[in-house]
1. Can you give the FRET efficiency to the nearest 0.05 for ILE120 and GLN55, using r as the Cβ-Cβ distance and R₀ = 25 Å?
2. With point charges of +1 on the Cβ of Lys and Arg and -1 on the Cβ of Asp and Glu, referenced to the Cα centre of the range 15-89, which listed residue (ALA34, MET82, SER54) lies farthest in the positive direction of the dipole?
3. Give the shape of the range 69-138 as rounded, prolate or oblate, defined through the alpha-carbon gyration tensor: a ≥ b ≥ c are the square roots of its eigenvalues, a/c under 1.5 means rounded, and otherwise the shape is prolate if a/b is larger than b/c and oblate if not.
4. Given a 1.4 angstrom probe, I'd like the percentage of the accessible area of the range 50-121 that is carbon and sulfur, rounded to a whole number.
5. Need one number: nm distance between label points at ARG138 and ALA107, each 7 Å from Cα along Cα→Cβ, rounded to one decimal.
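The values are calculated or read from the model by the stated rules, or taken from the named source; none is laboratory data. Every value quoted in this text rests on a predicted model; they were computed, and no experiment measured them. For neighbour counting, all protein chains shown are included, and Cβ atoms are generated from backbone atoms with ideal geometry for every residue, glycine included. Side chains included, ligands, DNA and RNA excluded: accessible areas come from the protein's heavy atoms. Shrake-Rupley method; radii C 1.70, N 1.55, O 1.52, S 1.80 Å.
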Amino acid sequence: MEPAPVGEDSAVPDEQAVQTTVALEGDGTCIARARHLAAGFLTRVQAEYGLPISQRAMDLTQLVVSELVTNARKYAPGPVLMDLRIVGDAVEVVVWDSDPVLPVARAADAGRVGQHGLEIVMAVAQGFEAQWEPVGKRITARISLLDDPGGAIAGRPPL
């Protein structure tokens with residue numbers, strides 16, 4: 001589950017060159033495993049490529065992974081695929097599951113217990129997309145690696 005290699009002459013990864021994909025199966029422990037894998041991925045990216053990754057980005061990525069994998073495990077039978085990739089100055093969290101029903105954000109309801117995961121993801125992510133696939137669906141959330149999502153990594157344009 002190492003990041004894909006990049007060109008030898010490049011210290012900064014090309015777009016979508018740094019990524020990891022994992023199949024998550026089993027009981028509820030896969031959610032904790034997914035969070036752990038996300039933290040490890042960002043730590044490796046920071047160490048190997050020197051990309052600045054704020055603690056906020058690390059925490060939000062784990063939160064988004066937790067919410068998306070929880071929803072996939074709860075509503076879809078079968079395996080869940082999680083893909084993490086660096087795109088520009090953001091990490092994209094992509095979760096695929098076998099249920100073709102796209103998630104819909106609910107209206108705010110202070111009395112509702114639970115079922116706020118999608119709203120949380122949409123509130124903390126700089127981008128969110130839900131797409132049908134030939135089998136199931138793919139959910140993508142984009143999280144800035146910086147505390148200031150409007151700022152840019154040296155040598156890279158802002159999102």
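1. 0.85
2. Working it through, the farthest residue towards the positive pole turns out to be ALA34.
3. Details: a/c = 2.02, a/b = 1.15, b/c = 1.75.
Verdict is oblate for the range 69-138.
4. 61 percent
5. 3.4 nm
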